[in-house]
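Notes follow the structure.
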Amino acid sequence: MNVAQAMAAILKQEGIDLLFCYPTSQIIDEAALVGIRPIVVRQERTGLHMADAYSRLTSGQKVGVFAMQHGPGTENAYGGIAQAYADSVPLLVLPQGYPQRLAGVKPNYNAAVSMRDITKSAEALGIPTEITNIMRRAFSQIRNGRGGPVLVEVPADMWSVEIGTPEEYTPVQKNLYAPNPEDVAKAVDLILSARAPVIHAGQGIHFSQAWGELKEFAELLGIPVVTTLPGKSAFPEDHPLSVGSGGLTYPMPVKQFLDEADVIIGLGCSFTETLFAVPVPRKPKIIHLTLDPAHLHKDVKADVGMVGDARLALAAMLEEVRRRAVKPADYAATARKIADARDTWLAEWMPKLTSNSEPLSPYRVIWDLQKAVKDEQTIITNDAGRPRDQLTPFWVAKEPQSFVGWGKTTQLGYSLGIAMGAKLACPDKLCINVWGDAAIGFTGTDLETAARAKIPVLSILLNNKGMATELKNIPNAIRLYSAADISGNYTEFAQSLGLYAERVTAPEDIIPAVKRAVQKTKEGIPALLEFMTTQETSMSKA
């Protein structure tokens, strides 16, 4: 048995069934021989985005894996790995390295060294017979603790090295840990004494699958729930206690309830300070539950800190509340306050959400899209820039993991790979990405991957013929050199790659076009709808 065969056997034992990849790497062929399907992409970054979504949508129970060639393949992959690192997504990254005699010679790229800042761990295989040990360490890092990309680099001339019968491999166990009971009791003390507590739920709820516990805890104590953007859909947004999700933009009740809170209960979140998260007020007391102790006191001071798995922690908090014989809360008044605040906010936005303008209002597109797919089991994700800012406040995510929110770093073109990875993880769901004409310029060629690999996603393109985000940022460059003008006929582009595609210009055509495209995805054909929109700059934020 050689190194590549040994690695393929280990991947199979660990339950890997898909290998996102771009040749050349010998692991691609050996993995295929043991029944691991290769998904070959058109650029490395998209493959990592697909692996990212595959891990997210299975709560890390299935691991997204990406393999690429040495040199330019590894260099091109950097952005996708960085995105997963910022969002704490568990991935296995398998870059091929330069042949051993050239591995340390400049300017040859050394992934195990150069990618340490964007990986949870990065290790190069130096001794062929150590493949079992290095893969065991990698999967332990992937399955335990805070998520993140884990990298194993194999030199190009080591794949074929014979290693005899390798050491027996046993799949790595996932080990969970719960907070200190004393910290749980302190947290419950502070919550029960609070006048206006608010839950701030993050992505940790998704990875621990603590959706039921979060809902039970919020209902038991009648506490309003805000989610982070990566945590969006962790709590049903049609629930009376849901305030909404907070990113760069947000429903206005989110800011109101956070500002009025006297205790903010962070559950499965990092409280990382970023442009793409609603600011956390400094006055309230903070309870912070996180899987990673490095997050405690990093960006906000925690009055009570807890370290552990969100589901185990919520179960312990529920048990502590019940032990004290706390009566279930009557949250009718709180629910009315949330509903009134939401109704006031929506009333201000209804002119844009129902606009009959041509070019189309992007808000009308999003509003009608939601109506058109209301009877479908849907997973939707946003891209970077204006599509994110326009979609996330108004999309009501009712089921766990029905919205894939992301972004402490925000790469244009990320949403296509997320939608395709989601479809592979959840083939019975309608998987949608919403992006703009800037984003499709970065990763649009991978629409061909969707067609070739038979991944029937629905791609919603908001084409405003420019970069609306930059209108205020580079006014002189725009005035003198039309620096923000970008566009194309993406309907014809998508059709040329094998997709069903339509261009939509009239508001009354939005819902019928979406329904036609959804039907095409049910027939196994990926679809793109190109909506010609205004360069909208209004955003829902304070």
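To the nearest 0.05, how large is the calculated FRET efficiency for residue 101 and residue 398 if R₀ is 45 Å and r is the Cβ-Cβ distance? With R0 = 45 Å, the Cβ-Cβ based efficiency is 0.20.
Straight-distance candidates among the aspartates and glutamates for linking to residue 374, with alpha-carbon spacing under 18 Å and chain neighbours fewer than 8 residues away dropped: 237, 238, 399, 428, 508, 509. Averaging Cα coordinates gives a centre for region 308-361 and one for region 117-143; these two points are 42 Å apart. Note on residue 133 and residue 275: the extension gain reaches 47.1 nm, defined as 0.36 nm multiplied by sequence separation minus the Cα-Cα distance. What separates the Cα centres of region 1-77 and region 224-269 is a distance of 36 Å.
The Cα atoms of region 354-425 cover 36, 29, 18 Å along the three principal axes, with the biggest extent listed first.
Placing dummy labels 7 Å off each Cα toward the beta-carbon, the span from residue 474 to residue 377 is 4.4 nm. Listed from fewest to most Cβ neighbours within 10 Å, the set 327, 232, 186 follows the order 327, 186, 232. A straight Cα-to-Cα reach below 16 Å connects residue 174 with the aspartates and glutamates 14, 292, 309, residues fewer than 8 places away in its own chain not being considered. For residue 298, no residue whose modelled amide H falls within less than 5 Å of its own remains once neighbours fewer than 5 places apart on the same chain are excluded. Computed about its Cα centre, the charge dipole of the chain is approximately 640 debye, with only Lys, Arg, Asp and Glu carrying charge at their Cβ.
Here the simple spin-label model places points 7 Å from the Cα toward Cβ, and for residue 75 and residue 1 these points are separated by 3.6 nm. Dividing the Cα radius of gyration of region 362-494 by 2.2 N^0.38 Å, with N the residue count, gives 1.08. Working note: 222 nm ellipticity from helices only, DSSP H runs with n ≥ 4, each -39,500 (n - 2.57), summed and divided by the residues of the chain, gives -11000 deg cm²/dmol to the nearest 500. Put in order of Cβ neighbour count within 10 Å, fewest first, the listed residues 449, 537, 381 become 537, 449, 381. Amide H contacts of residue 67 (H built 1.01 Å from N, in plane; Pro and chain starts excluded): 20, 21, 22, 94 sit under 5 Å, all sequence-distant by 5 or more or on other chains. Straightening the chain between residue 165 and residue 525 buys 125.1 nm, computed as 0.36 nm per residue apart minus the Cα-Cα spacing. For an R0 of 56 angstrom, estimate the FRET efficiency from the Cβ-Cβ distance between residue 29 and residue 329 and round to the nearest 0.05. Computed FRET efficiency for residue 29 and residue 329 comes out at 0.40. The ranking of 274, 354, 378 by Cβ neighbour count inside 10 Å, starting from the fewest, reads 354, 274, 378. Normalised by 2.2 N^0.38 Å, where N counts its residues, the alpha-carbon radius of gyration of the chain equals 0.99.
Each distinct pair of alpha carbons in region 456-542 adds a 1/r term; the inverse of their mean, the Kirkwood radius, is 14.5 Å. Working note: Cα gyration tensor of region 1-159, eigenvalues times five, square-rooted, sorted largest first, giving semi-axes of 20, 18, 15 Å. Once the Kirkwood radius over Cα pairs is known for region 181-337, the Stokes-Einstein relation at 37 °C and 0.692 mPa s delivers a diffusion coefficient of 217 µm²/s. Subtracting the Cα-Cα distance of residue 238 and residue 347 from 0.36 nm times their residue separation leaves 37.5 nm of extension gain.
Where a number appears in this text, it was derived from the coordinates with a stated rule and is not lab data. Because the structure is predicted, anything quoted here is derived from the model rather than measured. When we count neighbours, we look across all protein chains shown, and the Cβ atoms used for this are built from the backbone with ideal geometry, even at glycine.
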